[in-house]
Amino acid sequence: MVLDVPGTRRLLVLAGSAFLVLAAEPTYVLVDTAVVGHLGPTPLGALGLGGTLLSLIAMLGSFLDYATTARAARWFGAGRRDLAVDEGVAASVLALGVGLAGVIVGEALSRPMLVLLAGGPGTLADAAERWFRVAVLGLPGMLVVLAGNGWMRGVQDTKRPVAIVVAANVASAAASPVLVYAVGLGLVGSAVANLGAQTVAGAFFVAVLRAEQRPWRPSRETMVGFLRPAKDLLARKAGLQLSILAASAVAARMGTAQIAAHQIGYECWAFVSLLLDSFAIAAQSLVGAALGAGDPATARRIAWQVAGYGAAAGAFMGVVLAAGWSVIPDVFTAAAPVRRQVQLLWPFLAGMQPAAGVVFALDGVLIGAGDVRYMRDLTLVATLGVYLPLGVAAWQLHWGIQGLWAGLTASIVVRLAGMLRRTVGSQWSAA
């Protein structure tokens, strides 16, 4: 079977669908950050620390999204949609199990972990713990959403994931200011809104999967095949999360204004990164389908096409961020010390976007091809070998928050060089 070369329209339809799904969650987080930011620097810093720990716990199931997309796309390209859906069943069963385990671990370790991140007990650690203990209850739903998006992208279903994720997050974004201010829950209201979005979206994805009428007892062969690439994806994610965790800890030790500014910068970075990831998601689906159909030439053509779109999108976002240097921070905080710290990191945030656009696009290409071991090694070198040491140096040598963000920029440059080197060859398309 030879897959037709996808035209620009098909690529953009997949990327557009992924864009809307990916934009929903970070848009909600940005709204939530703005709502909490006006409570003051301490609640904003607490949201940053609590959110970082939640991301670390969620890392246990982070492989569900990418691994499911790649495997489902391979079956879909080979004309076996039924087996592609079975990948979704396996991923969803794992999501529920890992999510429940993560809730137990998170509740047990939240106090010592948040005290460690905050640099000691106190108001900041207490507020972060209150937020986290509520928000972590949404972890099973969060992971089911990852699994659901994964298999539906694999079969190139571009409509239903958008409807589910956008609806849940719009409702949650509307609820956040009501719960925080009108109901008077303060920072905890943000966590309740977060919990609601994840739980509702997860329930809808389970309903869609059950409507496929596939057995909810994944075969041993499916589970083993699914878990094989998971260890590499998990190791890669662990490196990313460890560096993010360390960066938050470093920013907290620099001061309250610095951790609050880092939270604003990080959420803006996460928002833009996930939007750039829309081309990576399209690449996962199309590359996986092409290789499943035995057409590596098409897979290589898609790789460079999507890299070009990623570069253009990154450049555009860089220009938008640069133009908003003196305006965007005011959306999140009215505290002058926090705004000053945000403006110090802003040139790095804007300047790295063109390189990041290419990196994320080629991430999707290699994941779709199943070349996850190379991605793992490159990411660990960039995060643990570059970002983490520079972040610690920024703290010890008093470089300030700009030193922390220079480290993140350097890690993106290292990943860009490694990705381009790999994609120029043809080994990845035979993976």
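Treat the count of other C-beta atoms within 10 Å as a stand-in for reagent exposure and order M142, M59 from fewest to most.
The order, fewest Cβ neighbours first, is M59, M142.
Residues in region 52-77 near a label at L227, defined as backbone nitrogen under 20 Å from the 7 Å Cα→Cβ point? Only 58-72 fall inside the zone, counting backbone N under 20 Å.
Applying 1/(1 + (r/R0)^6) with r as the Cβ-Cβ distance of Q213 and E107 and R0 = 30 angstrom yields a FRET efficiency of 0.25.
For the chain, modelled as a GNM whose springs connect Cα atoms under 10 angstrom apart, the maximal fluctuation among M419, M317, M113 occurs at M113.
Projecting the Cα atoms of F360, A118, L286 onto the dipole axis of the chain, where Lys and Arg carry +1 and Asp and Glu carry -1 at the beta carbon, places L286 farthest toward the positive end. Computed log10 I(q)/I(0) for region 372-431 at 0.18 Å⁻¹: -0.63, from the Debye equation with unit scatterers placed on every C-alpha and solvent omitted.
Estimated purely from DSSP H runs of n ≥ 4, each contributing -39500 (n - 2.57), the mean residue ellipticity at 222 nm for the chain is -28000 deg cm²/dmol once divided by its residues. With bins 5 Å wide beginning at 0, the percent of Cα pairs of region 329-431 falling in each bin runs 2, 13, 19, 18, 16, 12, 9, 6, 4, 1, 0.
Residue exposure proxy: H262, H398, ordered by other Cβ atoms within 10 angstrom of their Cβ from fewest to most, comes out as H398, H262. Taking springs between alpha-carbon atoms closer than 10 angstrom, which of G357, G324, G61 fluctuates most in the Gaussian network model of the chain? Largest GNM mean-square fluctuation: G324. Net charge dipole, region 323-431: roughly 100 debye, given to the nearest 20, about the Cα centre with Cβ charges of +1 for Lys and Arg and -1 for Asp and Glu.
Applying 1/(1 + (r/R0)^6) with r as the Cβ-Cβ distance of Q402 and A336 and R0 = 22 angstrom yields a FRET efficiency of 0.80.
If you build the convex hull over the alpha carbons only and average its shadow over all orientations, what do you get for the chain? Give it in nm² to one decimal.
The directionally averaged projection comes out at 18.4 nm².
Judged by the mean number of other Cβ atoms found within 10 Å, the most tightly packed of the peptides 48-58, 333-343, 276-286 leads the ranking 276-286, 48-58, 333-343. Entry note, region 8-430: relative contact order of 24 percent, from Cα contacts under 8 Å with a spacing of 6+ residues. In the calculated pair distance distribution of region 303-353, what percentage of Cα-Cα distances lie above 14 Å? More than 14 Å apart: 56 percent of the Cα pairs in region 303-353.
Read the figures in this text as sums done on the coordinates, not as results from a lab. From a predicted model like this one, the values you see are computed outputs, not experimental measurements. Cβ: placed from backbone, ideal geometry, glycine included. Neighbour counts: every protein chain shown.
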